[in-house]
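The next block holds one structure in the form of structure tokens; read it before the comments.
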Amino acid sequence: MTDTHAIDIVSVTKVYPHRTDPVVALDNISFSIGDNEFFTLLGPSGCGKTTLLRMIGGFEDITKGQILLFGDDISRLQSNQRPVNTVFQQYALFPHLTVYENVAFGLKRLGRDTDFIKTQTHAMLELIRMAEFAERKPSQLSGGQQQRVALARALAPQPKVLLLDEPLSALDLKLRQAMREELKEIQKHTGITFIFVTHDQEEALTMSDRIAVMSNGQVQQIGSPKEIYDNPTNIFVANFIGEANILKAKVTGPEKSPAKASKAQAAAKDQVKLCVDLECGIKGLNIFSQSQFQKGKQINVMIRPERIQIKPLTRGRGKVNTIGGTVKSISYLGTDTQVQLLLDDGESLLARLQNTIDATSSFGVGNKVEITIPEIAIRALSE
Amino acid sequence: MAGWITKGGNGAQTSIVDGKQHILLMPAWFVIGILLVIPVLVMLIYSFLTQDFRGGVIWEFTLEAYDQFFIDRGLFGDEPARIEWTYLGIFWRSFLQALFAMVFCFLIGFPTAYFIATRAPKSRSFWLFLITIPYWVNLLIRTVSMKFLIRDTGPLNNWLMSWGVIDDPISMINTNFAIQLGLFYSYLPFMVLPIYASIERYNFALSEAAADLYSNRWTTLFKVVIPAVKPGIIAGCILVFIPSLGAFLAPDLLGGAKNFMIGSLVEEQFKGQSGDWPFGAAVSMILLTIIMIILLFYARAQSRDNNGGH
Amino acid sequence: MAKTSQRISWYPGFREMAWLCLIILYAPLIIVMVYSFNNSPSITVWKGFSLVWYNEVFFGPEAGKFKQATVNSLTIAILAAVTSTVIATLSALAMIRGRAFRGQAVTFGLINLPLMVPEIVTAVATLIFFASIGFERGLLSILLAHIVFCIPFAYLPIAARLQGISNVYEQAARDLYATPGQTFRLILFPMMLPGILSGFLLAFIISLDDFIITNFVKGAGVETLPTAIFGAVKQGIKPNIMAISTLMLAASILLVTISYLISRMGNNRD
């Protein structure tokens with residue numbers, strides 16, 4: 001028992017009963033969250049992420065399964081018996097208590113001694129830089145300030161795990177970005193495991209150590225931001241995080257000429273290499289895949305827009321991994337330029353070019369171009 | 001979510017009250033059960049007992065009270081049975097009185113509610129405040145005030161005479177009209193407020209649409225506005241009609257001895273030692289039944305509107 | 001909403017009706033008020049401003065009777081209001097917080113029952129009930145009857161207020177280790193307070209004002225203010241009645257205004 005996880009979700013299912021139409025909110029979910037992790041539950045509305053969070057906090061019944069906190073089964077404990085605290089989406093600051101009284105609330109209920117309550121509460125107020133607002137009431141604070149007080153209130157009792165339910169969703173963009181930094185810092189500083197719920201994938205990518213992408217009550221993939229972005233397991237994850245071009249391909253067998261593998265092409269953990277032919281015409285690609293597929297199987301593969309290379313049409317034949325297409329539209333986005341391409345076989349492709357140099361000067365709308373898809377950037381998707 | 005019982009569960013709760021609802025409700029059940037439900041049942045029983053002429057009842061079961069109400073057997077009880085019109089007449093008159101009061105309240109209350117609902121928001125709440133204050137004044141005081149006002153020697157007659165409008169005082173007191181006035185005065189806010197609530201939710205764009213389609217304002221009123229605020233109107237009518245039916249103060253103080261309504265009829269049975277308790281109980285039961293039927297229809301209509309309607 | 005085209009939504013005569021409505025509602029009250037200051041034993045002719053009738057109310061021959069009646073009314077009203085408010089608060093918590101439970105719809109009907117049964121019927125039933133069990137009629141019988149019909153009046157503002165309080169505050173309190181008792185005492189109750197006070201005031205006013213039920217169950221020898229006034233009116237309206245009426249009017253307006261301010265304060269606070 002060396003490395004007890006902070007949270008173990010063990011075969012957890014949640015069903016809302018109904019005479020004719022029961023709703024399965026969570027479908028037999030199992031995974032673990034490590035100590036001192038900034039872990040994010042990411043997914044669209046209704047995917048079950050908030051339900052799961054509330055179940056960890058003790059606000060929802062568990063239909064089947066268990067939740068362990070550092071090895072202890074907390075599934076049957078009331079919320080006030082779990083050393084877990086929550087930052088609510090609407091902050092839920094007690095309106096009739098001052099900032100100080102709000103932050104001290106948990107400590108008082110735990111019966112800690114008065115001196116400790118004083119020092120700890122003041123320490124928390126310092127941490128969120130709101131010491132001078134101690135005597136204000138919540139209605140006198142701005143949204144960002146309320147959010148910080150909610151955070152301090154949840155941290156003050158020194159919980160083993162902190163739950164955050166979309167705490168930044170009500171803030172405007174600049175404030176949100178500033179708070180992301182602050183939350184990250186506080187998590188590192190306190191060493192408490194943070195479980196963060198959001199539907200904003202940019203937020204998840206910037207803040208998390210690991211992300212669990214959820215949809216329809218199931219976990220689609222868990223991994224670090226880089227893992228999830230570079231190696232999505234299925235179409236849902238590929239599309240939910242960033243943009244993805246999904247292409248059809250046929251498996252022709254395992255990787256061809258593995259001896260030529262360079263260091264950069266070393267397979268990631270749990271990955272195999274397949275040889276596929278893309279439907280759009282490029283044949284004989286060696287690509288990474290998380291699952292093994294039979295020869296002859298039709299699969300989906302994905303490539304990120306920024307990995308596609310575009311060059312004006314030149315003479316010469318047999319360019320590696322290259323097909324022809326037409327530029328359908330060009331959108332200038334400041335940091336990069338988005339190019340919609342129409343392949344010769346009718347498929348659409350989205351490409352993104354960084355505006356370091358005037359990358360688009362070599363072609364315009366309607367021009368025919370060469371589109372190169374580097375092998376190493378393609379991933380096979382499990383569905 | 002119906003049919004859940006909150007016992008057991010899994011540890012997690014979403015409310016501090018779960019599992020304790022029945023305990024929390026015991027005081028209410030106890031008090032209302034013992035002091036209202038049981039008394040009504042006892043009253044039902046009493047309506048089937050025999051009158052004790054020394055006051056109170058003799059515990060012998062009989063239909064005498066209801067017989068007395070509905071059937072006329074002549075002065076000595078030996079004539080062939082005919083319908084007893086006296087009490088039915090009182091009920092009928094009370095019914096009419098309540099109906100007139102309701103109509104009266106509607107004719108003045110609807111325009112008032114409409115007017116208030118079309119004021120600016122700040123002005124609106126002030127108007128509502130003004131309209132509701134009189135309700136909080138003791139009904140007795142209000143009825144007495146009305147009595148004072150319209151008596152033969154009261155200020156209203158005095159002014160009318162001093163302005164030369166009339167020569168002799170108009171006898172307004174102790175008439176049906178006075179009762180009407182009293183009922184109207186007592187329950188007017190009950191008509192105004194529900195109608196106001198409905199009109200407040202009314203989308204005036206409908207009126208504009210009607211005008212666009214060549215309707216004049218009165219047609220719009222009857223064909224568009226009133227149907228749209230029907231729930232409020234019906235609620236207001238019920239809230240005026242039902243209390244008026246069983247009213248006691250207005251008929252007693254303003255109607256005098258000659259204009260009996262149900263309230264006075266009942267009250268008389270329990271005055272002093274000579275009252276006829278079973279009869280009073282029977283009349284009360286009949287009144288209660290009528291009102292419960294009306295409320296039942298209203299509840300049915302409500303749920304039909306909610307489920308089947310738009 | 002409010003700014004609609006005057007032409008479409010305007011109706012002639014409606015404004016006049018509204019004013020007529022106000023006049024009808026206030027005229028009798030104002031006239032009584034005015035005449036209570038009339039310096040004349042004849043109540044019909046105005047002879048100048050005077051407080052003589054108020055004097056008689058407080059110090060005249062019937063003063064003792066009215067004073068006792070007032071004391072009775074106030075005592076009963078306070079006790080009835082407190083009891084019914086407590087009962088209504090507990091009931092509101094059970095009905096509005098927490099999951100649906102068996103018997104919820106019936107309970108809702110029960111709580112509202114006193115409002116649906118006509119007052120005269122309640123009065124008769126209560127009288128008969130007390131007589132049948134041999135319960136002595138007096139102040140206690142009045143109090144018991146009042147508690148019953150005060151419950152729904154106290155319940156309404158409390159329930160309304162509770163409905164408007166999101167249950168996220170209770171969740172936050174539980175999250176921060178509060179027991180159910182602490183959650184109620186420290187968080188829910190303070191937030192409900194404006195509603196509870198409104199309910200209390202409403203129940204108080206309703207009890208103070210009750211005539212019919214009180215008249216039936218009071219038994220001989222006990223008077224509350226409304227029954228005393230009624231008895232006096234039966235003997236003919238004397239000026240001191242109008243003085244008392246004016247006083248009660250002022251009291252009612254005061255109580256309603258307080259109730260209104262409390263509910264405004266509650267809305268402003270959160």
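Report, ordered by chain and residue number, the aspartates and glutamates lying within cross-link reach of A:LYS295, taken as a straight Cα distance under 14 Å and ignoring same-chain residues fewer than 8 apart.
A:GLU255, A:ASP277
Note the full-extension length gain between C:ILE30 and C:TYR260 as 0.36 nm times their separation in residues minus their Cα-Cα distance, in nm to one decimal. Display every interim value, and only then the final one.
Details: separation 230, 0.36 × 230 = 82.80 nm, distance 2.20 nm.
So the extension gain works out to 80.6 nm.
Calculate the length of the line joining the C-alpha centroid of the range B:78-92 to that of the range C:144-215, in whole Å.
So the two Cα centres are separated by 49 Å.
Roughly how big is the range A:189-244's charge dipole about its Cα centre, with Cβ charges of +1 (Lys, Arg) and -1 (Asp, Glu), in debye to the nearest 20?
On the way: 2 positive and 7 negative charges, 38 e Å.
Taking the Cα centre of the range A:189-244 as origin, the dipole is about 180 debye.
Can you tell me the accessible area per residue over chain A, all protein chains present, probe 1.4 angstrom, in square angstrom?
Working: 17780 Å² over 383 residues.
I get 46 Å² per residue for this part.
Give the Rg (one decimal place) followed by the Dmax (whole number) of the range A:88-228, computed from C-alpha coordinates and expressed in Å.
Final numbers for Rg and Dmax: 15.9, 48 Å.
Using Cα centres only, tell me the gap between the range B:238-254 and the range B:273-291 in whole Å.
The two parts, judged by their Cα centres, are 16 Å apart.
First measure r as the distance between the Cβ atoms of A:THR13 and A:GLN81, then evaluate 1/(1 + (r/R0)^6) with R0 = 30 Å and state the FRET efficiency to the nearest 0.05.
Working: r = 23 Å, r/R0 = 0.75.
E(calc), rounded to 0.05, equals 0.85.
Once every Cα of chain A carries one equal point scatterer and solvent is ignored, give the base-10 log of I(q)/I(0) from the Debye formula at q = 0.06, 0.12, 0.14 Å⁻¹, two decimals.
The Cα Debye sum returns log10 ratios of -0.32, -0.99, -1.17.
Would you compute, for the Cα atoms of the range C:48-89, the largest minus smallest coordinate along each principal axis and list the three values in descending order, in whole Å?
50, 22, 7 Å, listed from the longest principal axis down.
In deg cm²/dmol, rounded to 500, what helix-only [θ] at 222 nm does the protein assembly as shown give when every DSSP H run of at least 4 residues adds -39500 (n - 2.57) and the total is split over its residues?
Working: 33 runs with 471 residues, N = 963.
Mean residue ellipticity, 222 nm, calculated: -16000 deg cm²/dmol.
For an R0 of 41 angstrom, estimate the FRET efficiency from the Cβ-Cβ distance between B:ASP152 and B:ALA299 and round to the nearest 0.05. All intermediate terms of the calculation are to be shown ahead of the outcome.
Working: r = 45 Å, r/R0 = 1.09.
For B:ASP152 and B:ALA299, the calculated efficiency is 0.35.
Over chain C, what relative contact order in percent results from Cα pairs under 8 Å that are six or more residues apart? Before the final figure, lay out each step's value.
Numbers: 274 pairs, mean separation 77.6, N = 270.
Relative CO of chain C lands at 29 percent.
Counting only other chains, what is the mean number of Cβ atoms within 10 angstrom of the Cβ of each residue in peptide C:80-88? If you can, show how the numbers build up before the last one.
Values: counts 0, 0, 0, 2, 3, 0, 1, 9, 2.
Mean partner shielding for this stretch: 2.
Note down the net charge around C:ALA178, summing +1 for each Lys or Arg and -1 for each Asp or Glu among other residues with Cβ under 10 Å from its Cβ.
Its environment carries a net charge of +2.
Quick one, what does Rg over Rh come out to for the range A:1-101 if you take C-alpha atoms and the Kirkwood Rh?
Working: Rg = 15.3 Å, Rh = 15.1 Å.
We get a ratio of 1.01 for the range A:1-101.
In the calculated pair distance distribution of the range A:275-342, what percentage of Cα-Cα distances lie above 13 Å?
Tail fraction, whole percent: 75.
Take the solvent-accessible surface of the protein heavy atoms, probe 1.4 Å, and return the percent of it on the range A:6-48 that carbon and sulfur atoms account for.
Details: 930 of 1890 Å².
Accessible surface attributable to carbon and sulfur in the range A:6-48 totals 49 percent.
List the pairs from A:LYS283/A:LYS368; A:LYS49/A:LYS108; A:LYS14/A:LYS160; A:LYS137/A:LYS174 whose alpha-carbon separation is above 27 Å, in the order I gave them.
On the way: A:LYS283/A:LYS368 21 Å; A:LYS49/A:LYS108 31 Å; A:LYS14/A:LYS160 24 Å; A:LYS137/A:LYS174 25 Å.
Beyond 27 Å between Cα atoms: A:LYS49/A:LYS108.
What helices does chain C hold that run 30 Å or longer along their axis, going by alpha-carbon atoms, with a Kyte-Doolittle average of -1.0 or more, using DSSP H for the helix calls?
Working: long enough: C:14-36 (33 Å, 1.76); C:63-96 (47 Å, 1.29); C:139-163 (35 Å, 1.75); C:239-269 (45 Å, 0.95).
Length and hydropathy pass: C:14-36, C:63-96, C:139-163, C:239-269.
Using per-residue counts of other Cβ atoms within 10 Å, averaged over each peptide, order B:132-142, A:342-352, C:201-211 from highest down.
The packing order, highest mean first, is C:201-211, B:132-142, A:342-352.
How far apart, in nm, are the 7 Å Cα→Cβ label points at C:PHE135 and B:SER274?
Going from the C:PHE135 label point to the B:SER274 one covers 3.0 nm.
Would you mind estimating how fast the range B:146-245 diffuses translationally, via Stokes-Einstein at 4 °C and 1.567 mPa s with the Kirkwood radius over Cα pairs, in µm²/s? Write out the running numbers ahead of the final one.
Working: Rh = 16.5 Å.
After rounding, the answer is 79 µm²/s.
Distance between the C-alpha centers of the range B:94-167 and the range A:14-45? Whole Å please.
Rounded to whole Å, the Cα centres lie 62 Å apart.
Explain nothing, just the number: relative contact order of chain B, from Cα pairs under 8 Å at least 6 residues apart, as a whole percent. Each step should come with its number before you reach the end.
On the way: 326 pairs, mean separation 76.1, N = 310.
For chain B, the relative contact order is 25 percent.
Taking both sides together, what accessible area is buried at the A/C interface, probe 1.4 Å, expressed in Å² and rounded to the nearest 100? Mind showing how you got there, number by number?
Details: alone 19130 and 16550 Å², together 33640 Å².
Approximately 2000 Å² gets buried when A meets C.
P(r) for the range B:89-309, please, calculated from all Cα pair distances in 10 Å bins and given in %.
Result returned by the calculation: 8, 25, 30, 23, 12, 3, 0.
Roughly how big is the B-C contact, given as buried accessible area in Å² (both sides, 1.4 Å probe, nearest 100)?
Details: alone 19850 and 16550 Å², together 27450 Å².
In total, this chain pair buries about 8900 Å².
Within 10 Å of each Cβ of B:181-187, how many other protein chain Cβ atoms are there on average?
On the way: counts 2, 0, 0, 1, 4, 0, 0.
Mean number of neighbouring Cβ atoms from other chains: 1.
Angle check, please: helix A:114-127 long axis (alpha carbons) against the longest principal axis of chain A (alpha carbons), in degrees 0 to 90, nearest 10.
30
Would you please calculate the Kirkwood hydrodynamic radius of the protein assembly as shown over all C-alpha pairs and express it in Å, rounded to one decimal?
On the way: mean 1/r = 0.0289 Å⁻¹.
Here the Kirkwood hydrodynamic radius works out to 34.7 Å.
Based on the Cα coordinates of the range A:152-218, what is the per residue volume of their convex hull in Å³?
On the way: hull volume 7.0 nm³, N = 67.
For the range A:152-218, the hull spanned by Cα atoms encloses 104 Å³ per residue.
Sort C:246-253, A:157-164 for me by packing, meaning the mean count of neighbouring Cβ atoms within 10 Å per residue, highest on top. All intermediate terms of the calculation are to be shown ahead of the outcome.
Details: C:246-253: 18.8, A:157-164: 22.2.
Ranked by mean Cβ neighbours within 10 Å, highest first: A:157-164, C:246-253.
Based on the Kirkwood radius over alpha-carbon pairs, what value in µm²/s does the Stokes-Einstein equation return for the translational diffusion coefficient of the range C:51-161 at 4 °C and 1.567 mPa s?
Stokes-Einstein gives a translational diffusion coefficient of 79 µm²/s.
If contacts are Cα pairs under 8 angstrom and at least 6 residues apart, what is the relative contact order of chain A in percent?
On the way: 786 pairs, mean separation 56.5, N = 383.
That works out to 15 percent.
Which order do the peptides C:118-124, A:25-31 come out in when sorted by mean C-beta neighbours inside 10 angstrom, highest first? Don't jump to the answer; show the numbers that get you there.
On the way: C:118-124: 26.4, A:25-31: 17.4.
In decreasing order of mean packing, C:118-124, A:25-31 become C:118-124, A:25-31.
How large is the accessible surface per residue of the range B:89-309, computed with a 1.4 Å probe and reported in Å² as a whole number? Don't skip to the answer; put the middle values down first.
Values: 9360 Å² over 221 residues.
Spelled out: the 1.4 Å probe surface of the range B:89-309, per residue, equals 42 Å².
Identify the residues of the range A:176-219 with backbone N under 11 Å of a label point that sits 7 angstrom from the Cα of A:SER142 along the Cα-to-Cβ direction, or state none.
A:176
Determine which residues of the range B:29-65 fall in the zone a paramagnetic label at B:ILE71 would reach in this model, i.e. backbone nitrogen under 11 Å from the point 7 Å along Cα→Cβ.
Of the residues in the range B:29-65, B:63-65 have backbone N under 11 Å from the label point off B:ILE71.
Inside 10 Å of the C-beta atoms of C:242-254, what's the mean count of C-beta atoms belonging to other chains? Display every interim value, and only then the final one.
Numbers: counts 4, 0, 2, 8, 2, 1, 4, 8, 1, 3, 7, 4, 0.
Across the residues of C:242-254, the mean count of other-chain Cβ atoms within 10 Å is 3.
Can you send over the carbon and sulfur percentage of the accessible area for chain B, probe radius 1.4 Å, protein chains only?
Working: 9930 of 14960 Å².
On chain B, the fraction of accessible area on carbon and sulfur atoms equals 66 percent.
If chain C were replaced by its equivalent ellipsoid, with semi-axes equal to the square roots of 5 times the Cα gyration tensor eigenvalues, what would those be, largest first, whole Å? Walk me through the numbers before you get to the answer.
Values: eigenvalues 298, 162, 69 Å².
Equivalent-ellipsoid dimensions as semi-axes: 39, 28, 19 Å.
In chain C, carbon and sulfur make up what percent of the accessible area (probe 1.4 Å)?
On the way: 7560 of 11060 Å².
C and S fraction of accessible area: 68 percent.
State the number of lysine pairs found in chain C whose Cα atoms come within less than 20 Å, restricting to pairs 8 or more positions apart or on distinct chains. Mind dumping the intermediate values first?
Details: C:LYS47/C:LYS238; C:LYS65/C:LYS218; C:LYS65/C:LYS234; C:LYS65/C:LYS238; C:LYS67/C:LYS218; C:LYS67/C:LYS234; C:LYS67/C:LYS238; C:LYS218/C:LYS234.
Total qualifying Lys-Lys pairs in chain C comes to 8.
The values are calculated or read from the model by the stated rules, or taken from the named source; none is laboratory data. Since we're looking at a predicted model, the values are computed, not measured. Here Cβ is always computed from backbone atoms with ideal geometry, including for glycine, and neighbour counts include all displayed protein chains. Heavy atoms of the whole protein, side chains included, go into the accessibility calculation; ligands, DNA and RNA do not. Shrake-Rupley method; radii C 1.70, N 1.55, O 1.52, S 1.80 Å.
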